[in-house]
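Enquirer: Before I ask anything, here is the structure I am working with.
Throughout, read-outs are computed from the coordinates displayed, never taken from laboratory work. Just so you know, these numbers come straight off a predicted model, no measurement behind them. Methodologically, a virtual Cβ is constructed for each residue, glycine included, from the backbone with ideal geometry; neighbour enumeration extends over all protein chains shown.
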Amino acid sequence: MPIRAMTPELTGPYYEQGLWRPETLTDLLDAHVRRAPGALAVADQHERLTYAEFAERSAAFAGWLVSREIEPGSVVAIQTGNRVSLALAHLACNRADLVFVPLSTHWRRTEMESLLRRSGVSVLVLPPATEQTDFFATVNAMRGDLPRLRFVGGTDGLAADFDFDAVLKAGPAAQHGPAPARPRRADDPRFITITSGTTDTPKMSQWTDNNLSFLLRDYARAVGMGRGDVAAAIAPANTGATGYLFPVLAPLLCGAGAVLLEDWGPEAALDLLEAERATHAAAIPTQLVRMLQDPRIGARDFGAVRVITSAGAPLTPDTAQQTEETFGCAVTTVYGSTDGGVITVTRTTDPVGKRRTTVGRPIPGGEVVLRDPVGEPVPAGTAGEVTWRTPTKSFGYLNDDERTGAMFRGDGWFYSGDLGSLDEDGYLSITGRSKDLIIRGGQNISPLEIEQIVARHGAVSEVAVVGIPDPVFGERTCACVVLRPGVAGLGLDELAGYMRAEEIAPYKLPERLEIFAELPRTAGGKLSKVTLRSEVVERMAAR
C-alpha cells in the first residue's frame, strides 16, 4: 500500500477541528515578545535572556543566514548541549524558512557522518573540543563528502568559518540583505527530531510548526503551564521531546520561562529546581530515580514545584508515587515516540491512580487501535500492538523514503512496536515491547548497530546484544559473544576500547559481557533473544 504519512486529505480535519492553525512558531513567539518583552524567556548556567533579547538574537542569526543566500528549506544543524543557543538557532531557522537539526554532543563520527550526509546540511554549528573528542576535526575529516555544506560555525571561541556567538550578539542592525522573515506555511516540515531506532543508525523525523504548536498547546493545558511559570529542562535537549519540546519550547510558546541544566547530575538538577523556584520540570525516569536517591533531598525546598513530567521510557508506579510525595507535586506522563509523535498524556486533572499506572488517554484528534500480529484490530479488552494516528505525528524521515514506508502504513497509521491494553475509561497501559530495542535511561540503543561493530572484533565468532534490567537506567546493554576457536578470552574493557576506536556514542557501549559456547536458537534455527535474555538474567542472579 502506498505511503500516506501526512497528506492534505488526512490533515484537513485537524484544521476543521481547530487543532491546527496557520500561525508559525515565530508568530506565536513574537506575540509574547510584544506582550511582555522583559519577562524571562530562556536561561542556562551562562546567560539569561528576556523575550525581547531572545527575539533580537534569533532574528540576528536568521538575518545572517538569509544574507548568505541559504535557500529556503535548506538544513541548518547545531551540535550543542543544554544551552540557550539551541532554542535561538531553532527559532532563527523557523524565521528564515530553514530546516533545523539539533545534534547530540554524545555522537561521534559513526552517527555524525550518517546524519550529515543524509540531511544534506548547508550550515553547521559546532562546540569546542573536549577531552573526549574534537568535533571540528571530525567534521573536517568528512567535509569532502558533504557537498552542500557551505559554512561551519563555532561556539564558545571555536575558530571556524564564522563565530556563531558573535552573530547572535550583533543585533538586527548588523543584518545584511533581505529581512529575516520569509513567507512560509505552518505545514512545512522544518524541525527534525532524531532517534536511534531499532535497526541501525539514527533516523531524522520531520515535524511541522502545526505538529509542535498543537502538541505544546495541549501539553501546557495538561500540566497547567502559563505566564509566570518556570520550567526546568534537565534531560538532554538535543535529541528529542523530553529535554527540549516540553521544558523549553512549550514555555516559549505559552509565555513562560525555561532554564536548561547544562551538565546533568542529580544534585545539580535538584539545585536548579530549588534555586530557580521552578514550577514545572521534565525528566526521564532514570533521572527521577537518581534524584530521589540524593541523601539531602529531604532538606530542600521544592514548594514552587507543581508538576513533573516523565517521558522517554516507562515510569514505574512506585517511582511516580515517591516523586509526588517527595516534591509535593503531580507527576504526568507523555507517551509517544520521536517518529510517531505523542498520542496519550496524563493530566493533572486525572485520578491519581490513572496518573501513576497508565500513560493516559488519547490527545484531542488522536486515534488508538490495538492490533494483532497481522495488523487486525484485537477484540475489546485484549492486549495488542499500539498503533495510532495523531495531529502530532511526524511527516516521515528526512531523505529516507525506504524507512518512512516501513514505519508509516496505510492511511497514516503509526505502528509503535509497543504492546498495550485499554481500560474501560479509555486509559492506555503499556505492557511490553515487540521491537528489539534497548532503552537505557531514556536513550534508544539499536542492538543491531552494536552487533555489527562487535562482530568485526577479531576474537568474536558470533554476537547478540540484549537489554538487561537495571533499577536506575531501566535497561543496560549486554553483549553475548561466542569466541573464535583458539581465542582464550575477551574482557569487557578490551571490547569497550575497541568500540571507542570505532567512534561510537559512549552511551551505546556494552556494560556487560557474557561469553557463550553457543547462542540459544529456536527449532527453526533462528536466534532466540527471549531465551538469551533469560539466561543472562539467571547468570546475574547466580553471581
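Enquirer: Could you name the aspartates and glutamates in cross-link range of residue 354, using Cα to Cα under 14 Å and dropping any fewer than eight places away on the same chain?
Expert: Correct list for residue 354: 318, 324, 423, 424, 425.
Enquirer: Please report 93, 480 as a ranked list, fewest other C-beta atoms within 10 angstrom at the top and most at the bottom. Before the final figure, lay out the partial values.
Expert: Working: 93 28, 480 25.
Lowest to highest Cβ neighbour count: 480, 93.
Enquirer: At R0 = 41 Å, how high is the FRET efficiency between residue 34 and residue 503 if r is their beta carbon distance? Nearest 0.05 is fine.
Expert: Given R0 = 41 Å and the Cβ-Cβ separation, E is 0.30.
Enquirer: Sticking with this structure for a sec: Taking the Cα centre of region 23-184 as origin, sum charge times position over the Cβ atoms of Lys and Arg (+1) and Asp and Glu (-1), and report the length of that vector in debye to the nearest 20.
Expert: 280 debye
Enquirer: If we count other beta carbons within 10 Å of each Cβ, what is the order of 156, 188, fewest first?
Expert: 156, 188
Enquirer: Pulled fully out, how much extra length does the chain show between residue 169 and residue 16, if you take 0.36 nm times their separation in residues and subtract their Cα-Cα distance?
Expert: Fully extending the segment from residue 169 to residue 16 adds 50.9 nm.
Enquirer: By DSSP, what percent of the beta bridges with both residues in region 23-184 are antiparallel, rounded to the nearest 5?
Expert: Of the beta bridges lying entirely in region 23-184, close to 15 percent run antiparallel.
Enquirer: What order do you get for 530, 386 when you list them from fewest to most C-beta neighbours inside 10 Å?
Expert: So the residues, fewest neighbours to most, are 530, 386.
Enquirer: Using modelled amide H (1.01 Å from N, peptide plane; none on Pro or chain starts), what sits under 5 Å from the amide H of residue 461, excluding residues fewer than 5 places away?
Expert: 482, 483, 484
Enquirer: Can you give the relative contact order of region 438-542 as a percent, counting alpha carbon pairs under 8 Å and 6+ residues apart?
Expert: Across region 438-542, relative contact order equals 25 percent.
Enquirer: Shape of region 274-323 from its Cα gyration tensor (a ≥ b ≥ c, root eigenvalues): rounded if a/c is under 1.5, otherwise prolate when a/b > b/c, or oblate?
Expert: Oblate shape, in that a/c is at least 1.5 and b/c is the bigger or equal ratio.
Enquirer: While we're here: Applying a 10 Å radius around every beta-carbon, put 531-542, 343-354 in order of their mean neighbour count, most first.
Expert: Output ranking for 531-542, 343-354: 343-354, 531-542.
Enquirer: Then there's this: Given N residues in region 389-543, what is Rg(Cα) / (2.2 N^0.38 Å)?
Expert: Taking N as the residue count of region 389-543, the ratio is 1.22.
Enquirer: Next question, about the same structure. Taking every DSSP beta bridge with both residues inside the chain, roughly what % is antiparallel (nearest 5)?
Expert: Counting DSSP beta bridges with both partners in the chain, the antiparallel share is about 55 percent.
Enquirer: Turning to a different aspect of this structure: Taking residue 203 as the anchor, which lysines have their alpha carbon closer than 23 Å to its alpha carbon, excluding any fewer than eight residues away along the same chain?
Expert: Candidates past the 8-residue exclusion: 393, 435, 508.
Enquirer: If you take the square roots of the eigenvalues of the alpha-carbon gyration tensor of region 23-184 and sort them as a ≥ b ≥ c, do you get rounded (a/c under 1.5), prolate (a/b over b/c) or oblate?
Expert: In terms of gyration-tensor shape, prolate.
Enquirer: For region 23-184, what's the relative contact order in percent, using C-alpha pairs closer than 8 Å and at least 6 residues apart? Present the calculation step by step, with values, prior to reporting the outcome.
Expert: Numbers: 263 pairs, mean separation 41.7, N = 162.
Over region 23-184, the number comes to 26 percent.
Enquirer: While we're here: Please work out the FRET efficiency for the pair residue 518 and residue 496, using the Cβ-Cβ distance as r and a Förster radius of 30 Å; give the result to the nearest 0.05.
Expert: Taking R0 as 30 Å, the efficiency between residue 518 and residue 496 is 0.80.
Enquirer: On to the next question. For the chain, with only Lys/Arg (+1) and Asp/Glu (-1) charged at the beta-carbon, what is the dipole magnitude about the Cα centre, in debye rounded to 20?
Expert: 440 debye
Enquirer: Post the alpha-carbon centroid distance, region 239-285 to region 352-378, in whole angstrom.
Expert: A separation of 27 Å, based on Cα centres.
Enquirer: Quick one: grab the alpha carbon gyration tensor of the chain, order the square roots of its eigenvalues as a ≥ b ≥ c, and give me rounded if a/c is under 1.5, else prolate or oblate depending on whether a/b is larger than b/c. Before the final figure, lay out the partial values.
Expert: Values: a/c = 1.44, a/b = 1.23, b/c = 1.17.
The shape class here is rounded.
Enquirer: For the chain, what relative contact order do you get, as a whole percent, if you take Cα pairs closer than 8 Å and at least 6 residues apart? It would help to have the intermediate numbers written out before the result.
Expert: Details: 1162 pairs, mean separation 72.2, N = 543.
After rounding, I find 13 percent.
Enquirer: As an exercise, use a Förster radius of 60 Å and the Cβ-Cβ distance of residue 299 and residue 434 to find the FRET efficiency, rounded to the nearest 0.05.
Expert: Between residue 299 and residue 434 the formula returns 0.85.
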